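These notes concern the structure reproduced below.
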Amino acid sequence: MQGAGWQFWIDRGGTFTDIVARAPDGSLRTGKLLSENPGQYADAAVEGIRRILGLRSGSPIPAGVITAVKMGTTVATNALLERRGARTLLAITSGFADALRIGYQNRPRLFDRHIVLPELLYERVIEVEERLSAEGEILIPIDVEKSRAALQRAHADGIRAVAIVFMHGYRFPRHERALADLARGIGFTQVSVSHEVSPLVKLVGRGDTTVVDAYLSPVLRNYVDQVAAELGKSVRLLFMQSNGGLVEARRFHGKDAILSGPAGGIVGMARTATEAGAERVIGFDMGGTSTDVSHYAGELERTFETLIAGVRIRAPMMHIHTVAAGGGSICRFDGIRLRVGPESAGAIPGPACYRRGGPLTVTDCNVMLGRLQADYFPHVFGPRGDGPIDIAAVESRFGAMAEEVARATGVRRSPHELAQGFLRIAVENMANAIKQISIQRGHDVTEYTLACFGGAGGQHACLVADALGMRRILIHRLAGVLSAYGMGLAQLRVLEQRAVEAPLADTLRPQLQRILAELERAGTAKMTAQGVAASDITVLRHLHLKYEGTDLALVTPFAEAGAAAEAFAAAHRARFGFDAPGRRLIVEAVSVEVVGGGEAQSSSTLWPAQCTSPPPVRATRQVWFGAAAAATPIHSRDDLRFGHEIAGPAVIT
């Protein structure tokens, strides 16, 4: 994976695009741009590469200068949230046209009288006359001519993406393959078939995932092709998948792109926390739009079925809990109370201090309280990208809001009190998110290290730790761009799955070993095809176990029946607080994870040598902590060394 040229590791987020560049001499450089900046550049990722290389905006990138670009992107996520995917056709077994709309009939808000169902991703359904039994017997042969006519009508109407989902297709795919060949012959450019996308039992989850893949893959492919064209054919382009592994651009699919950016942050957090000696970590990634929290205790945690934007997705993803609380979360008074988010000021117009006429946000609260100082803020904004952050605009907005609150409630609050109140609300939202992935799952959060990263993570680290009773915080030297750094540290990963649905027993072991061997061969072939040497490949085998009569499977390492049952019982107790001794276990599926490649991190580049002299103070400013402002020293992170101790209150920029 090492090369003599430049490497760029990029996280294209909703508000900012973060870039870490490794120069040919091994040194690291960083950059951060607004993800959307019309009139300035077309794509933030490519523009960031040009700026670090010293090229003018829009100029071609010289061939041979860059060896690899590794990216995470929110393109697919945004397309799903905003319903801007490709026009999609659903082809499903006759009689099941409404199956995905009906779903599981869940009522997450039991007392809502008016239920608003999420908008469907597919715009048309065709019912295909075909049916296979659960044993693979052909009950109704596929009607090729009728199917061809239906596909041709959809194609004539401009639909180019099709999702094919047949009953029992995950195990017996002959009919799905036949219709896929037919669709490609007609001219559909995106054909997603369920036995390839999600080869697992359950029609609804498998179907939804296949539709997501068909809906998002064309959007993703357009973006990938755009970036690849800018970079040139000599650059190896890799993308981060939701499961925490890299994959070559041409193998990057919609179903694997939903958590592309946040997954890089988890990888970066895990690798850097391990290097720092932290074994149990809560990840706290606060960006401009949202905050992602995660749990790490020696291995990357994944979920295999997720509900995102009203859509069920059965694909391996990092277990991340997200709340709408970021630096750009809008702070407002609704006439009765103060509210923070979920709306965000985004990249355009951004917070009020960005000189674009934006609303008050969490970032502006930190400006109002002196925790963000204009002359130490690392970026400048404005219509032409000039001038420091606008403190006067923030003070004026908070002053006007204080008057509004006084008129509505009869209680007069100072602008500083309002800013602190908004921060308390945001911190409580973030602390509650951490409780959901820690305390509610049986973990004692006070024994963990809070690993803070993201552009706004450091501003709120101490407040969040105090709210949770945590005593140790880790802020990596590259915390502001850690998701991008994680792209560089990540390995390539291929996950292969197959449904089993059989009772766990030692007599099942030969069948499981045969299936796992087949999956391992398939995964290894995909890995070596991406240029990873066989000697660099590691294979992990897993069982997906559940109690008979239940739906939720837990993942355990592959082992003989007794050891697997013990591992499952321990995982069940940790997750739910109990187990059921004597109850029969079912092997729902097996999976193989093939891992290879990746970069080694250089400690000498990341951590300065130890120093025992006092850290220098760059300036002293008035900063609000509690009810009053205090003269507070300003330290530069670049001046800090191992061994330095700083007594608070203090600000580290």
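The condition (being closer than 18 Å to GLY455 by Cα, in contact with a strand residue (DSSP E or B) (Cβ under 9 Å, 6 or more places away or on another chain) and basic (Lys, Arg)) is satisfied by just one residue among ARG371, ARG312: ARG371.
Screening the range 552-564 for residues that are surrounded by fewer than 18 Cβ atoms within 10 Å (Cβ to Cβ) and within 25 Å of the chain's Cα centre (by Cα) and picking the one that is nearest to ALA502 (Cα to Cα) gives LEU552. Going through (1) under 17 Å from ASP208 (Cα atoms); (2) under 29 Å from the mean Cα position of the chain (by Cα); (3) surrounded by fewer than 15 Cβ atoms within 10 Å (Cβ to Cβ) one by one, ASP98 falls short only on (2).
Residues in the range 419-444 that are more than 13 Å from HIS321 (Cβ to Cβ) and touching a helix residue (DSSP H, G or I) at 6+ places or on another chain (Cβ under 6 Å): 6 in all. ALA315 meets each of the listed conditions (1) open to solvent by 50 Å² or more (accessible area, probe 1.4 Å); (2) in a loop (DSSP other than H, G, I, E, B) apart from (1). For the range 268-308, the set of residues classified as open to solvent by 40 Å² or more (accessible area, probe 1.4 Å), among the aliphatic types (A, V, I, L, M) and under 15 Å from the mean Cα position of the chain (by Cα) consists of LEU300, LEU307, listed by residue number.
Among the conditions (1) surrounded by fewer than 17 Cβ atoms within 10 Å (Cβ to Cβ); (2) among the hydrophobic types (A, V, I, L, M, F, W, C); (3) within 27 Å of the chain's Cα centre (by Cα), the only one that ILE336 does not satisfy is (3).
Residues that are in a helix (DSSP H, G or I) and over 14 Å from THR77 (Cα atoms) within the range 234-260 comprise ALA249, ARG250, ARG251, listed in sequence order. With respect to LEU53, determine if the residue is touching a strand residue (DSSP E or B) at 6+ places or on another chain (Cβ under 6 Å) and in contact (Cβ under 8 Å) with a residue 12 or more places away in the chain. Spelling it out, it is not the case that LEU53 is touching a strand residue (DSSP E or B) at 6+ places or on another chain (Cβ under 6 Å) and in contact (Cβ under 8 Å) with a residue 12 or more places away in the chain. Scanning for something touching a helix residue (DSSP H, G or I) at 6+ places or on another chain (Cβ under 9 Å), under 15 Å from GLU599 (Cβ atoms) and buried (at least 23 other Cβ atoms within 10 Å of the Cβ), does the range 249-261 turn up at least one residue? No; the residues of the range 249-261 include none that is touching a helix residue (DSSP H, G or I) at 6+ places or on another chain (Cβ under 9 Å), under 15 Å from GLU599 (Cβ atoms) and buried (at least 23 other Cβ atoms within 10 Å of the Cβ).
On inspection, ALA570 fails the criterion of being open to solvent by less than 40 Å² (accessible area, probe 1.4 Å), at pLDDT 90 or above and more than 30 Å from ARG22 (Cα to Cα).
You will find that of SER147, SER217, the residue that is buried (at least 19 other Cβ atoms within 10 Å of the Cβ), closer than 27 Å to ARG83 by Cβ and among the small types (Gly, Ala, Ser) is SER217 and no other. Just the residues that are without any contact (Cβ under 8 Å) to a residue 60 or more places away in the chain and closer than 20 Å to LEU231 by Cβ, please, taken from the range 3-30. Listed by number, the residues that qualify are THR17, ALA21, ALA23, PRO24, ARG29. Number of residues in the range 215-248 that are touching a Phe, Trp or Tyr at 6+ places or on another chain (Cβ under 8 Å) and hydrophobic (A, V, I, L, M, F, W, C): the value is 5. Being modelled with pLDDT of 90 or more and either under 30 Å from GLY442 (Cβ atoms) or part of a loop (DSSP other than H, G, I, E, B) (or both) narrows it down to one residue among SER591, SER613; which is it? The unique qualifying residue is SER591.
State whether the residues of the range 101-116 include one that is under 30 Å from LEU220 (Cβ atoms), open to solvent by less than 100 Å² (accessible area, probe 1.4 Å), among the aliphatic types (A, V, I, L, M) and at pLDDT 90 or above. Within the range 101-116, not a single residue is under 30 Å from LEU220 (Cβ atoms), open to solvent by less than 100 Å² (accessible area, probe 1.4 Å), among the aliphatic types (A, V, I, L, M) and at pLDDT 90 or above. Taking the range 319-333 as the range and being of a type outside the set (Phe, Trp, Tyr) and open to solvent by 20 Å² or more (accessible area, probe 1.4 Å) as the test, the residues that pass are HIS319, ILE320, HIS321, THR322, VAL323, ALA324, ILE330, ARG332. Looking only at residues of the range 505-546 that are part of a helix (DSSP H, G or I) and of a type in the set (Val, Ile, Thr), we find that the one that is farthest from ALA567 (Cα to Cα) is THR528. If you go through the range 449-487, how many residues are closer than 16 Å to ALA433 by Cα and among the charged types (D, E, K, R)? Qualifying residue count for the region: 1. Pairs are defined by a Cβ separation below 7 Å, a sequence spacing of at least 6 or placement on different chains, a first member in the range 315-328 that is within 18 Å of LYS435 (Cα to Cα) and of a type in the set (Val, Ile, Thr), and a second member that is assigned to a loop (DSSP other than H, G, I, E, B) and modelled with pLDDT under 90; the pairs so defined are ILE320/LEU259; THR322/SER290; VAL323/SER290. Highlighted here are the strands (runs of 3 or more DSSP E) found entirely within the range 426-504 that include at least 1 residues which are of a type outside the set (A, V, I, L, M) and open to solvent by less than 60 Å² (accessible area, probe 1.4 Å): 449-453, 492-503. Scanning the range 505-516 for residues that are aliphatic (A, V, I, L, M) and open to solvent by 30 Å² or more (accessible area, probe 1.4 Å) gives a single hit, ALA505.
The values are calculated or read from the model by the stated rules, or taken from the named source; none is laboratory data. For clarity, every value in this text was computed on a predicted model and none was experimentally measured. All Cβ positions, even for glycine, are placed from backbone atoms using ideal geometry, and neighbour counts span all protein chains on display. Accessible surface areas use protein heavy atoms only, side chains included; no ligands, DNA or RNA. Shrake-Rupley method; radii C 1.70, N 1.55, O 1.52, S 1.80 Å.
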